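Below is one structure, written out as structure tokens, with a few remarks after it.
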Amino acid sequence: MTHHDKTGRKRPVILGYDAVSPLGTNLESQWQHAAAEESGIGPLTRFPLSPNFPVKIAGQVAHVDTTAYPFLASRDMALWTSPLFKHSMLVVHRALLQSGIEITPDLAPRVAITFSSAVGGLDVLLRADRLLMTEGKLPHPFTNPNSCVSMVGGKISIMTGATGPLVSTITACSTGCTSVIIGALLLEQDMADVAICGAADFPLVEPIVAGFATMNGAYRPKEGQDTDNPAEASRPFSVNRRGFVVSEGAGCIILAKHDFAKTHGLTPAIELAGWAMTGDAHHFVAPNLDTIHRTIDKSIAGAGLAPSAIDAVNAHGTSTKIGDKVEWEALRNTFGANIPPVSANKSQIGHAMGASSALEIILAMEGMQKGYILPTINYKEDPELPLDCVSEGTRPLSQEYVLKNSFGFGGCNACVVLHRIH
């Protein structure tokens with residue numbers, strides 16, 4: 001069936017996707033862990049912790065066995081020491097395999113890359129700085145390339161051979177979602193037939209993690225409660241929420257024109273029905289209700305829908321006091337008393353910065369195809385924010401349309417509406 005939006009334009013379709021997250025490095029096992037109400041949050045072990053370091057827990061991605069992917073163990077990859085690159089290239093490689101697309105020399109100029117990162121390879125820059133300060137060693141020649149955010153897309157271009165538009169869509173915590181939207185816009189403008197979208201972030205670096213703590217964003221237990229179970233720390237929309245858990249991950253989403261998929265005999269299950277982006281013009285981190293509400297409304301209207309058509313919401317849901325409250329207020333303004341079931345995946349995978357929304361779009365699509373909505377674990381109802389957060393556990397639910405919210409530092413808001421194709 002050919003699907004059009006309200007202007008008669010054919011909607012872009014999603015042909016493949018893949019992810020690594022604190023729940024695992026294989027997508028099906030990640031879904032199984034999520035559906036079993038498990039958490040990927042555990043002790044922070046990426047670097048030695050001093051007794052007074054303010055953060056003790058994180059969502060860490062397990063080591064990937066590169067024997068199955070020889071290109072990740074090549075001599076060249078040894079120069080790209082930030083985990084950002086290896087994991088980005090892995091998820092792109094697997095998503096392309098799933099999509100059934102072969103990037104031939106003829107197709108290459110029509111393949112865009114919007115895959116990006118909010119943080120980049122700052123771990124390599126920090127390591128070089130420490131060696132320079134303590135031992136006087138000059139940085140390795142690959143230090144700056146490792147820390148250059150646009151190099152993520154560049155390495156993907158080199159790996160895949162794609163020579164279409166190459167752009168880094170950096171919008172803080174909404175980077176993954178923005179990447180998908182910019183990919184859709186490039187398809188709409190006929191600048192590409194296929195877009196490699198998504199995001200990766202590996203921000204578990206001492207000053208970044210500690211910086212989130214000092215700005216009261218990262219989770220810290222109450223005084224005298226250092227024995228809190230890490231798996232119970234991320235609590236979106238809960239009355240006892242205490243900030244987000246910093247995590248890492250990568251997610252790739254392959255977008256294509258509807259006609260491209262049809263011509264090549266590819267059968268998508270999901271299409272991008274609507275999208276919207278706004279800027280808050282408000283505060284460097286505190287969200288703005290008016291613009292967030294407008295982003296939600298415009299994404300639904302852009303899909304040609306009434307709010308009542310939305311079957312579920314995949315929330316931004318960071319677990320911060322003000323962020324969750326503003327998102328709830330925006331949902332209430334859009335849906336009234338009939339807010340659909342809300343799944344907040346950060347309760348299970350933490351906050352992987354720019355990669356979060358890519359990972360969450362992927363989990364939402366898995367749920368749409370399997371007929372389930374994932375739970376918001378650790379949820380204790382906040383009387384001020386009444387929601388159906390699927391707190392009882394993974395729920396069977398037929399979902400034709402799902403709204404995905406994503407909001408980033410600096411007031412970068414992005415929402416998409418996903419449609420399951422029958």
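The values are calculated or read from the model by the stated rules, or taken from the named source; none is laboratory data. The structure presented is a predicted model; accordingly, all values stated were derived computationally and were not measured. Methodologically, a virtual Cβ is constructed for each residue, glycine included, from the backbone with ideal geometry; neighbour enumeration extends over all protein chains shown.
On the stretch given as segment 81-105, residues that are under 24 Å from LEU23 (Cα atoms) and buried (at least 17 other Cβ atoms within 10 Å of the Cβ) total 17. Of all residues in segment 101-120, those that are under 16 Å from ILE254 (Cα atoms) have Cβ atoms under 6 Å from Cβ atoms of residues that are polar (S, T, N, Q) and part of a loop (DSSP other than H, G, I, E, B), 6 or more apart or on another chain, in ALA108/THR163; PRO109/THR163; THR114/THR169; SER116/SER168; SER116/THR169. Cβ-Cβ distances below 9 Å connect no pair with a first residue in segment 302-328 that is free of Cβ contacts under 8 Å to residues at least 60 places away in the same chain and under 19 Å from VAL416 (Cβ atoms), a second residue that is of a type in the set (Ser, Thr, Tyr) and crowded, with 24+ Cβ neighbours inside 10 Å, and a separation of six or more residues or different chains.
Among the listed residues ALA250, ALA273, identify the single one that is touching a helix residue (DSSP H, G or I) at 6+ places or on another chain (Cβ under 7 Å) and in a strand (DSSP E or B). Please lay out each step first, then the result.
Details: ALA273 fails: touching a helix residue (DSSP H, G or I) at 6+ places or on another chain (Cβ under 7 Å).
Going through ALA250, ALA273 in turn, just one is touching a helix residue (DSSP H, G or I) at 6+ places or on another chain (Cβ under 7 Å) and in a strand (DSSP E or B): ALA250.
Here is a check on your reading of the model: is LEU374 over 16 Å from ILE310 (Cβ atoms), within 20 Å of the chain's Cα centre (by Cα) and buried (at least 24 other Cβ atoms within 10 Å of the Cβ)? Considered against the rule, which asks whether it is over 16 Å from ILE310 (Cβ atoms), within 20 Å of the chain's Cα centre (by Cα) and buried (at least 24 other Cβ atoms within 10 Å of the Cβ), LEU374 comes out as yes.
The criterion of being of a type in the set (Gly, Ala, Ser), surrounded by fewer than 24 Cβ atoms within 10 Å (Cβ to Cβ) and either in the same structural domain as PRO383 (by TED's automatic domain parsing) or modelled with pLDDT of 95 or more (or both) does not hold for GLY317. Which ones in segment 332-365 are in contact with a helix residue (DSSP H, G or I) (Cβ under 7 Å, 6 or more places away or on another chain), assigned to a helix (DSSP H, G or I) and within 19 Å of SER391 (Cα to Cα)? Hits for segment 332-365 are LYS346, GLN348, ILE349, LEU363. Scanning segment 227-277 for residues that are crowded, with 21+ Cβ neighbours inside 10 Å and of a type in the set (Ser, Thr, Tyr) returns SER234, SER238, SER247.
Being more than 14 Å from the chain's Cα centre (by Cα) and surrounded by 20 or more Cβ atoms within 10 Å (Cβ to Cβ) narrows it down to one of LEU331, LEU359, so name that one. Please lay out each step first, then the result.
On the way: LEU359 fails: more than 14 Å from the chain's Cα centre (by Cα).
When all the criteria are applied, what remains is LEU331.
For segment 42-76, name all the residues that are within 22 Å of PHE115 (Cα to Cα) and buried (at least 18 other Cβ atoms within 10 Å of the Cβ). Correct list: GLY59, GLN60, VAL61, LEU72.
Are any residues in segment 251-273 of a type in the set (A, V, I, L, M, F, W, C) and within 19 Å of GLU28 (Cβ to Cβ), and if so, which ones? First the steps, then the outcome.
Step one: of segment 251-273, the residues of a type in the set (A, V, I, L, M, F, W, C) are 252-256, 260-261, 266, 269-270, 272-273.
Selection gives CYS252, ILE253, ILE254, ALA269, ILE270.
Of all the criteria given as (1) modelled with pLDDT under 95; (2) within 30 Å of GLU232 (Cα to Cα), the one not satisfied by GLY42 is (1). Among strands (runs of 3 or more DSSP E) entirely within segment 1-91, having at least 2 residues that are more than 28 Å from PRO141 (Cα to Cα), in the same structural domain as MET151 (by TED's automatic domain parsing) and touching a His at 6+ places or on another chain (Cβ under 9 Å) singles out 13-20.
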